[in-house]
Amino acid sequence: MSIEFRIVGQPGHDNAVFARVNTGQGIHRLLFDCGEGCVGELAVSETQAIDHLLFSHLHMDHVGGFDSLFRLTFNRERPMYVWGPPETRRIMAHRFQGFMWNLVEGQPGAWIVSDIEPDHVASSVYLAREAFSVAHDVAEVSDREQRANTQQRTPPNIIATADYTITALAMDHLTPSLAYILRERPRLNVATEKLAALGVRPGPWLRALKEQTPDETPTVKVDGSGYDLAALRAELLVETPGDSLAYLTDFRLDEIAMARLVPALAACQTVICESQYRQADLDLAKRNHHMTATQAAELAKRAQVGQLILFHLSDRYHDDHWQGTLAEAQAIFPATRLHMDVASG
Ligand SMILES: [Zn+2]
Ligand SMILES: [Zn+2]
């Protein structure tokens with residue numbers, strides 16, 4: 001179980017973050033934003049296997065690379081999920097319509113696009129075989145086209161699978177910009193020393209111990225005897241937090257934003273955060289509804305995160321300035337690095 005990530009796009013240019021949630025049984029692939037030139041840095045097979053595209057917001061520098069993704073995935077067998085703030089469906093529908101579609105009859109390809117509103121998620125399905133011309137309610141299309149994951153969820157918890165959850169918080173960028181927090185489910189491990197103390201042998205029952213709930217299975221058979229599942233779980237299982245990754249970009253980080261984000265990011269392992277402005281340009285950052293790297297470092301410190309990675313570096317600055325930005329941030333939160341100093345993971 002792990003989350004691997006990669007910042008794509010070059011420093012000072014458009015960026016995106018590609019993440020792989022590896023469960024041991026399979027890999028979920030997520031792309032946060034889709035700036036120009038970003039998809040071309042990923043292997044085609046990885047791009048074609050992306051499960052969810054999550055837009056912070058739809059400014060051009062976060063959407064400019066969408067056509068490259070769309071070209072590789074528009075008619076694949078399994079659906080693509082797209083998430084974003086209000087109006088994502090309207091804007092995506094225009095993107096879908098930006099081509100001549102006269103050869104799509106009978107083709108697969110379903111795009112489930114969701115607007116994350118303050119109190120609900122509104123989803124529509126667009127089908128390749130209809131030239132993406134109709135916004136269907138999710139209920140109108142077949143199971144194959146919508147698959148399991150489209151039941152309406154209550155923000156901020158927009159995705160909850162057996163393996164991971166994603167929370168989306170709408171921040172203020174003069175338009176909503178979503179901060180995403182990805183967390184693996186906690187891992188359950190068996191405390192082997194306690195197993196020995198209890199005098200029972202390991203076996204297939206350990207799987208039931210981890211995977212079944214006391215409601216479904218009140219007792220479990222171990223070495224021929226029945227044990228109370230709830231008591232045995234409490235005795236033998238140790239819960240450790242899974243990996244976590246936050247994607248924060250393009251919003252104003254005032255005290256109100258800070259108060260919302262600190263608890264949501266608590267103990268998050270990796271926070272990838274924009275770095276558009278130095279502290280000397282704080283007024284400019286506020287006016288443009290961005291943050292400074294110093295503010296990001298303050299957030300990282302208060303939320304006690306594992307590491308802060310500054311990306312989406314402004315092209316108003318260059319190498320020396322970026323190093324200066326890093327130094328300012330490290331003075332507050334030492335475990336800070338710049339995009340170009342991070343290969344992955
Ligand atoms: Zn931006
Ligand atoms: Zn923006």
Cross-link reach from LYS210 to aspartates and glutamates, straight Cα distance under 14 Å and at least 8 residues apart if same chain, gives ASP163, ASP228, GLU235, GLU239
Whole number please: convex hull volume per residue, Cα atoms of segment 176-278, in Å³. 144
Expressed in nm to one decimal, what extension gain is obtained for the pair ASN288 and ASP172 from 0.36 nm per residue of sequence separation less their Cα-Cα distance? 40.7 nm
Dividing the mean separation of Cα pairs under 8 Å (6+ apart) by the residue count of segment 57-181 yields a relative contact order in percent of 22
Label zone at GLU211 (point 7 Å along Cα-to-Cβ), backbone N below 20 Å, segment 25-54: 25-28
At R0 = 25 Å, how high is the FRET efficiency between GLN25 and VAL134 if r is their beta carbon distance? Nearest 0.05 is fine. 0.10
For the chain, set up a GNM with springs between Cα atoms under 10 Å and report which of ALA128, ALA197, ALA285 has the largest fluctuation. ALA197
For the chain, calculated [θ]222 nm from helices alone, where every DSSP H run of n ≥ 4 adds -39500 (n - 2.57): -7000 deg cm²/dmol
Given the options ASP61, ASP33, ASP315, which has the most mean-square fluctuation in a GNM of the chain, springs set between C-alpha atoms less than 10 angstrom apart? ASP315
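If you average the sequence gap of Cα pairs under 8 Å that are 6 or more apart and divide by the length of segment 187-240, what percent do you get for the contact order?
Details: 55 pairs, mean separation 26.5, N = 54.
Relative contact order, segment 187-240: 49 percent.
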For TRP83, the residues 5 or more places away or on another chain with a placed amide H closer than 5 Å to its own amide H are LEU53, LEU54, PHE55, SER114
Taking just the C-alpha trace of the chain, give me its Rg and Dmax in Å. 22.4, 71
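Return LEU54, LEU103, LEU338 ranked ascending by Cβ neighbour count within 10 Å, so the fewest neighbours appear first.
Numbers: LEU54 27, LEU103 9, LEU338 20.
Lowest to highest Cβ neighbour count: LEU103, LEU338, LEU54.
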Hey, what's the Kirkwood Rh for segment 187-240 if you take every pair of different alpha carbons, in angstrom? 11.1
If R0 is 35 Å, what FRET efficiency do you get for ARG71 and ASP319 from their C-beta distance, rounded to 0.05? 0.55
Could you run the Karplus curve 6.51 cos²θ - 1.76 cosθ + 1.60 with θ = phi - 60° over segment 184-195 and give me ³J(HN,Hα) per residue in whole Hz, x for Gly and Pro? 5, 5, x, 8, 9, 10, 8, 7, 5, 5, 6, 4
Working only with C-alpha atoms, what are the Rg and Dmax values of segment 1-70, expressed in angstrom? 11.7, 37
Restricting attention to the alpha-carbon atoms of segment 54-206, what are Rg (one decimal) and Dmax (integer), both in Å? 20.1, 69
Listed residues LEU310, LEU169, LEU237; largest mean-square fluctuation, Gaussian network over the chain with Cα springs below 10 Å, found at LEU237
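Normalised by the residues of segment 285-339, what does the relative contact order come to in percent, with Cα pairs under 8 Å and at least six apart? Don't skip to the answer; put the middle values down first.
Details: 49 pairs, mean separation 25.8, N = 55.
Relative contact order for segment 285-339 comes out at 47 percent.
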Spelling out what I want: for every residue of segment 199-212, take phi, set θ = phi - 60°, compute 6.51 cos²θ - 1.76 cosθ + 1.60 (Karplus), and round to whole Hz; glycine and proline get x. x, 10, 9, x, x, x, 4, 5, 5, 4, 4, 7, 9, 9
Return the sequence-ordered ³J(HN,Hα) values of segment 157-172 in whole Hz as given by the Karplus equation 6.51 cos²θ - 1.76 cosθ + 1.60 applied to θ = phi - 60°, using x for Gly and Pro. 8, 8, 10, 9, 9, 5, 9, 7, 10, 10, 10, 10, 10, 7, 10, 9
Ranking SER45, SER244, SER133 by Cβ neighbours within 10 Å, fewest first, what do you get? SER45, SER133, SER244
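Since every read-out is calculated from the coordinates, none of them should be taken as a lab result. Nothing here was measured: the structure is a model prediction, and the numbers come from that model. Reconstructed Cβ throughout: ideal geometry from the backbone, glycine too, with neighbour counts over all protein chains shown.
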